[in-house]
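Asker: Pasting in a structure now, in structure tokens, and then I'll have a few things to ask.
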Amino acid sequence: MAAFKARRTRATVTVFPNAAQHPANREPSRQYDAYAGRARRFRHRGIYLLPNALTTAALFCGFFAIVRAMNAHFETAAIAIFFAIVLDGMDGRIARMTKTQSAFGEQYDSLSDMVSFGAAPALIMYEWVLKGLGRWGWIAAFVYCAGTALRLARFNSNLHALDKRFFQGLPCPAAAALMAGFVWLVIDNRISVKVAWLPWFALALTLYAGITMASSAPFYSGKALDMQHRVPFGVLLLVVVAFVLVSFDPPRMLFGLFILYGLSGYAVWIWRRWRS
């Protein structure tokens, strides 16, 4: 009789419908998830270098203007404000072109604007000519500084709710250009600060800039212009002519251009009221 052979027990095979559920694949998957989580947290903590570097440069120009004004170098301080204006316009454009906008960049830009276009112009004007008017001088400087803060706060809160073609109120860089442009114009033309009308005109200009920033007058923003679209050849000629005129006499031309821009908002407001 043949020897009886023991029956082999069939091994039980577990089928995993998803390969990631297999015990051999679970550990690498967990390691990858942990790595991806750390990478996401790093991206959230990181900041974009180029636009924030330009914002830092604009902030430096504003701080440099304050230091120069404290040492009675008012012409250099005024020119530093214009450098801050150029840098402030560049950081926003570059951030939009490179798609590197961030909430951190928006807040950092506002704080930089408060220093460069709020505190710095107010201090320059006060140390230059408003100090001699006593309490009226520092009150006017404070009105300008407060107008800048209100303008920035309203812009940040209404960032996604307004017509992109127009600013609500005079932009802070334009207001700073009015203040710095007037200082540069007077010093470049060697007009004495002891002239009777000069302190009161400076006081009126400071109050006008501060109140207009907090107003609701519409000022053209220029954001509707798309740099990637073609324009007529005449537009390029106008740009060349503008550069030539500004380079011919920068103090007069810049102050004149910003005076026209500072009045344009009220002109548009009156035109809209008349049309309606």
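Asker: For the range 186-197, indicate whether the set of residues that are among the acidic types (Asp, Glu) and without any contact (Cβ under 8 Å) to a residue 40 or more places away in the chain is non-empty. Walk me through it before giving the result.
Answerer: Let us first name the residues in the range 186-197 that are among the acidic types (Asp, Glu), namely 188.
With without any contact (Cβ under 8 Å) to a residue 40 or more places away in the chain added as a condition, the list becomes none.
Checked the range 186-197: no residue is among the acidic types (Asp, Glu) and without any contact (Cβ under 8 Å) to a residue 40 or more places away in the chain.
Asker: Which condition breaks for Leu49 when tested against (1) modelled with pLDDT of 95 or more; (2) over 22 Å from Ile211 (Cβ atoms); (3) surrounded by fewer than 20 Cβ atoms within 10 Å (Cβ to Cβ)?
Answerer: Leu49 satisfies every listed condition except (1).
Asker: Taking only the range 90-112 into account, find how many residues are of a type in the set (A, V, I, L, M, F, W, C), more than 9 Å from Tyr48 (Cβ to Cβ), surrounded by 15 or more Cβ atoms within 10 Å (Cβ to Cβ) and touching a residue at least 40 places away in the same chain (Cβ under 8 Å).
Answerer: The initial filter retains those residues of the range 90-112 that are of a type in the set (A, V, I, L, M, F, W, C), namely 90, 94-95, 97, 103-104, 111.
Filter again for more than 9 Å from Tyr48 (Cβ to Cβ), leaving 90, 94, 97, 103, 111.
Filter once more, so that each one left must be surrounded by 15 or more Cβ atoms within 10 Å (Cβ to Cβ): 90, 94.
Filter once more, so that each one left must be touching a residue at least 40 places away in the same chain (Cβ under 8 Å): 94.
Here the count works out to 1.
Asker: Can you name every one of the helices (runs of 4 or more DSSP H) wholly within the range 67-163 that holds 3 or more residues which are under 26 Å from Asp188 (Cα atoms) and modelled with pLDDT of 95 or more?
Answerer: Values: elements: 74-97, 103-114, 120-128, 135-157.
Result: 74-97, 120-128, 135-157.
Asker: So, of the residues in the range 180-211 that are surrounded by fewer than 23 Cβ atoms within 10 Å (Cβ to Cβ), outside any loop (DSSP other than H, G, I, E, B) and β-branched (Val, Ile, Thr), which turns out to be farthest from the chain's Cα centre (by Cα)?
Answerer: As a first pass, look at the range 180-211 and keep what is surrounded by fewer than 23 Cβ atoms within 10 Å (Cβ to Cβ): 185, 187-201, 203-205, 207-208, 211.
Checking the rest, the ones that are also outside any loop (DSSP other than H, G, I, E, B) come to 185, 187-188, 197-201, 203-205, 207-208, 211.
Filter again for β-branched (Val, Ile, Thr), leaving 187, 211.
Details: Ile187: 28, Ile211: 20 Å.
Top of the filtered list is Ile187.
The values are calculated or read from the model by the stated rules, or taken from the named source; none is laboratory data. The structure displayed is predicted, hence computed values, not measured ones. A quick note on method: Cβ atoms are made from the backbone with ideal geometry, for glycine too, and the neighbour counts reach across all protein chains shown.
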